[in-house]
1. Of the residues S343, S267, which single one is of a type in the set (S, T, N, Q) and within 18 Å of A79 (Cα to Cα)?
2. Mind listing whichever residues of segment 358-401 are farther than 30 Å from K63 by Cα and within 19 Å of the chain's Cα centre (by Cα)?
3. Select from segment 52-69 the residues that are out of contact with any Gly (no Cβ under 9 Å at 6 or more places or on another chain) and loosely packed, with under 15 Cβ neighbours inside 10 Å and write down the one among them that is farthest from L96 (Cα to Cα).
4. G352: at pLDDT 90 or above, at positive phi, within 16 Å of the ligand (Cβ to nearest atom) and not in a strand (DSSP E or B), yes or no?
5. Kindly evaluate I179 against the criterion of being part of a helix (DSSP H, G or I), out of contact with any helix residue (DSSP H, G or I) (no Cβ under 7 Å at 6 or more places or on another chain), in contact (Cβ under 8 Å) with a residue 12 or more places away in the chain and not assigned by TED's automatic domain parsing to the domain that holds E270.
6. Test each condition in (1) modelled with pLDDT under 95; (2) open to solvent by less than 40 Å² (accessible area, probe 1.4 Å); (3) more than 16 Å from the ligand (Cβ to nearest atom) for L384 and report the one that comes out false.
7. Of the residues A190, A231, which is part of a loop (DSSP other than H, G, I, E, B) and over 30 Å from Y100 (Cα atoms)?
Amino acid sequence: MSKSVVIIGGGYGGLRAVEFLAKHHDINVTLIDKNPYHYLQTEAYGYIAGRFDIHDIAIDLQKWCLGFKRKVLFVNEIAASIDFGKQEVITETKSLHYDYLVIASGAQTNFFSFIEGLKEHSHGVKNLQRAHDFRQEFEDIIYKQLQSEEHADKNEINLAIGGAGLSGVEVAAEMANVIQAYSKTIGDRARAIKIYLIDASETILPGMSSYIVKNTQKRLEKLGVKILTGAFISNVDSLYIYFKDGKKLHYHFMIFTGGIKAGNLNSAVESDKNRIGQFIANQELNINGTKNVFAIGDCVEIRDGEGNMLPPTAQIAEKSAEYVAECIRKRIDSKQIEPFDASVSGMFIALGGKYAVGEMFKFIKVKGYTAYLLKKAITHAYYLGLHLRINAGYKNRNIPR
Ligand SMILES: Cc1cc2nc3c(=O)[nH]c(=O)nc-3n(C[C@H](O)[C@H](O)[C@H](O)COP(=O)(O)OP(=O)(O)OC[C@H]3O[C@@H](n4cnc5c(N)ncnc54)[C@H](O)[C@@H]3O)c2cc1C
């Protein structure tokens, strides 16, 4: 008899789980997402800076689901809660039964409540709407600068990025690169736009290797990014960012990439959670003492085989998805399951234009154009997979299933 697997969240983890589960003829897969599209947030930096277009960072989930040989049902609704007893996911209009459930609902920006005014005055980039707002604002600022008759010195515009982790650094570098390129065509007016990258830690990219930190810092400085480390933001109002040491920065637009917390579904689900609301799972990534409910990606605290916490990245979301898909197969076949174990295979950071810095398997270190080509190859492979499905889905769109 066929088993029903419901997957909540069409992000990096959710899509990988669908890919791995939909190939089994005795598994019926249903994907639920509150958005009709998959958002490639790892490419948000390029969209914000105007280098990529909307179709580079979003793909239609309905068409993607139609691209499978076996039927993959797509439900475009918010999963509001889960009834573990009845084995049902509850949305606004329906209750969906599951034999196995994969929660891949990701995370959201953590606008720390101890920083007064942060949530009201800054924007995240973890959803497409926010990234789009920021892109428009960035374009408007450049356009206004072009129209301005004031001397550039009198017209300085500060764009602030709070949080110098992976996403903050990539956004800062890409915007600075655009400004540098525009300086050639629209001159000092573009140069009057300053990018500030702010972090409370002593260095940018806290926790990353010295090779990555040192070379990223060099590149950002070369692009003219103003880096403020050891800078604790105490509060934000509509004009200024105030720091604990008494200094303040006048700003025009602020994005915050300083941390994540789990999304709303986690709050509605009864289970052990950590201080940022992520599920605490067992070694098989099951939650709430169940054997058939799994959590993957950013919505759960994920550890390697030795108990070390793994970073919330697309890479780990995908690795956890592959593991869980295999677990479900083995549970159906009554086979033994090994505990989850994974490591970060590498990290590439896009640093504006055709420049990146990266490390693979801890010993391969690259920077500049070579690193850019490697990062591009990884992204291209991901795109290719998505587009093969989308093309097949487009062809299948009128075939009744
Ligand atoms: C600017 C930026 C750059 C990054 N760069 C990198 C990088 O270079 N490399 C890397 O590995 N990682 C990178 N990351 C991190 C990476 O994007 C995340 O770790 C990854 O998206 C997590 O995948 P996920 O599947 O857990 O969640 P997500 O990709 O966030 O997907 C979650 C999905 O769940 C849906 N959802 C949420 N709640 C509900 C609900 N209640 N009902 C229905 N649907 C719901 C959402 O709509 C979404 O589609 C970057 C992040 C950002 C913001």
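The values are calculated or read from the model by the stated rules, or taken from the named source; none is laboratory data. In this text, all values refer to a predicted model and were calculated from it rather than measured experimentally. Cβ atoms come from the backbone with ideal geometry, glycine included; neighbour counts cover every protein chain shown. When the accessible area is computed, the model is the full protein with side chains, heavy atoms only, and any ligands, DNA or RNA have been set aside. Shrake-Rupley method; radii C 1.70, N 1.55, O 1.52, S 1.80 Å.
1. On the way: S343 fails: within 18 Å of A79 (Cα to Cα).
One residue alone meets the criteria, S267.
2. G358
3. Per the criteria, the residue is D53.
4. In short, yes.
5. no
6. Every condition holds for L384 apart from (2).
7. Numbers: A190 fails: part of a loop (DSSP other than H, G, I, E, B).
After applying the criteria, what remains is A231.
Conditions tested, residue by residue: (1) in contact with a helix residue (DSSP H, G or I) (Cβ under 9 Å, 6 or more places away or on another chain); (2) near the ligand (Cβ under 8 Å from one of its atoms); (3) assigned to a strand (DSSP E or B).
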residue: N288; (1), (2), (3): no, no, no
residue: F294; (1), (2), (3): yes, no, yes
residue: D298; (1), (2), (3): yes, yes, no
residue: P312; (1), (2), (3): yes, yes, no
residue: I316; (1), (2), (3): yes, yes, no
residue: K319; (1), (2), (3): yes, no, no
residue: Y323; (1), (2), (3): no, no, no
residue: Q336; (1), (2), (3): yes, no, no
